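First comes the structure, then the notes that go with it.
The values are calculated or read from the model by the stated rules, or taken from the named source; none is laboratory data. Predicted model, so just to flag it, every value in this text is computed and none were measured. Glycine gets a Cβ as well: all are built from the backbone with ideal geometry, and neighbour counts include every protein chain shown.
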Amino acid sequence: MRYQRIHVLGGPGGGKTYVAAKIAAALGIQAHDLDDLFWDSSSPTYSVRADREKRDQALAALVMQDTWIIEGAYYKWLTPSFERADLILLLNPSVWLRDWRVVKRSALHLLGKSHSAKKETFASLLNLIHWNHTYEQHQLVPARALLSLLHKNPIECSTLAQVYGLPTSSVGQGQHIVEQASGERTLHITACLAHDVLTITTRRCG
């Protein structure tokens, strides 16, 4: 069966938004950023959290839809999404690569070169980098424990190449969930998902 509900989990700079957008375009499913639920939409900065009850109600309504892609770094309040997802994708590149992406993204926002939903400051950047370096211990480890309790087996990818190789359905046959863009220099991954085990073979493109 083709994936209909996909949860993309990972730390800051892990590539969640990019991957979710790619999958959304490939499968024709709308992607949703959990930051839009977690932070108060009326605040100009990432400093005021949304009301917990309203946040949870919004999430409950979202996950009851037939199709969705949800992406974010959170886990504590995401049990409804984890339970409904038929694919959980955990992006886990190195923390140094994530740091570089966070700094680059923030610099572009501060220089007005790219759009940001909220105002960012140098202080907020430092806070995000600090949180990034505690993400594995304080977020990822307990997130894996929660998924295990829910009998969910996330597929972990540390590179974009691995994401390109994921099949579009749980039987591991047919098209890949995201097709590699022409001209991109990466590994071509052929993946087969069977009995919750991801088997990967690689060959160099070109």
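Condition check ((1) farther than 18 Å from residue 142 by Cα; (2) among the β-branched types (Val, Ile, Thr)) across all residues:
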residue	(1), (2)
28	yes, no
48	yes, yes
51	yes, no
70	yes, yes
92	no, no
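Every condition in (1) of a type outside the set (Gly, Ala, Ser); (2) within 18 Å of residue 13 (Cβ to Cβ); (3) surrounded by 16 or more Cβ atoms within 10 Å (Cβ to Cβ) holds for residue 96 except the one numbered (3). Answer yes or no as to whether residue 55 is buried (at least 16 other Cβ atoms within 10 Å of the Cβ), within 19 Å of residue 12 (Cβ to Cβ) and not polar (S, T, N, Q). For residue 55, the condition - buried (at least 16 other Cβ atoms within 10 Å of the Cβ), within 19 Å of residue 12 (Cβ to Cβ) and not polar (S, T, N, Q) - is not met.
All of (1) in a strand (DSSP E or B); (2) at positive phi; (3) not charged (D, E, K, R) hold for residue 13 with one exception: (1).
Looking only at the stretch 101-140, count every residue that is of a type in the set (A, V, I, L, M, F, W, C), assigned to a loop (DSSP other than H, G, I, E, B) and surrounded by 12 or more Cβ atoms within 10 Å (Cβ to Cβ) and tell me the total.
Pass one, the stretch 101-140, residues of a type in the set (A, V, I, L, M, F, W, C): 102-103, 107-108, 110-111, 117, 122-123, 125-126, 128-129, 131, 140.
Going one step further and asking which of them are assigned to a loop (DSSP other than H, G, I, E, B), we end up with 111, 117.
Then drop every residue that is not surrounded by 12 or more Cβ atoms within 10 Å (Cβ to Cβ), which leaves 117.
Total satisfying the criteria: 1.
Of the residues making up the stretch 106-128, those that are under 12 Å from residue 45 (Cα atoms) and of a type in the set (Ser, Thr, Tyr) number 3. Scanning the stretch 97-109 for residues that are in contact with a helix residue (DSSP H, G or I) (Cβ under 8 Å, 6 or more places away or on another chain) and either among the small types (Gly, Ala, Ser) or more than 11 Å from residue 129 (Cβ to Cβ) (or both) yields one hit, 106.
Residues to consider are 26, 31, 85, 73; find the one that is at pLDDT below 95, under 19 Å from residue 157 (Cβ atoms) and either among the small types (Gly, Ala, Ser) or surrounded by fewer than 15 Cβ atoms within 10 Å (Cβ to Cβ) (or both). Testing whether each residue is at pLDDT below 95, under 19 Å from residue 157 (Cβ atoms) and either among the small types (Gly, Ala, Ser) or surrounded by fewer than 15 Cβ atoms within 10 Å (Cβ to Cβ) (or both) leaves just 26. Close contacts from the stretch 126-154, counting a first residue that is over 15 Å from residue 90 (Cα atoms) and a second that is among the hydrophobic types (A, V, I, L, M, F, W, C) and modelled with pLDDT of 95 or more, with Cβ to Cβ under 9 Å and a gap of 6+ residues or different chains, come to 131/73; 150/82.
Scanning the stretch 34-52 for residues that are outside any helix (DSSP H, G or I) and either of a type in the set (Gly, Ala, Ser) or surrounded by 14 or more Cβ atoms within 10 Å (Cβ to Cβ) (or both) yields a total of 9. Hey, among the residues in the stretch 141-161 that are outside any helix (DSSP H, G or I) and hydrophobic (A, V, I, L, M, F, W, C), which one's modelled with the highest pLDDT? Of everything passing the filter in the stretch 141-161, 150 is modelled with the highest pLDDT.
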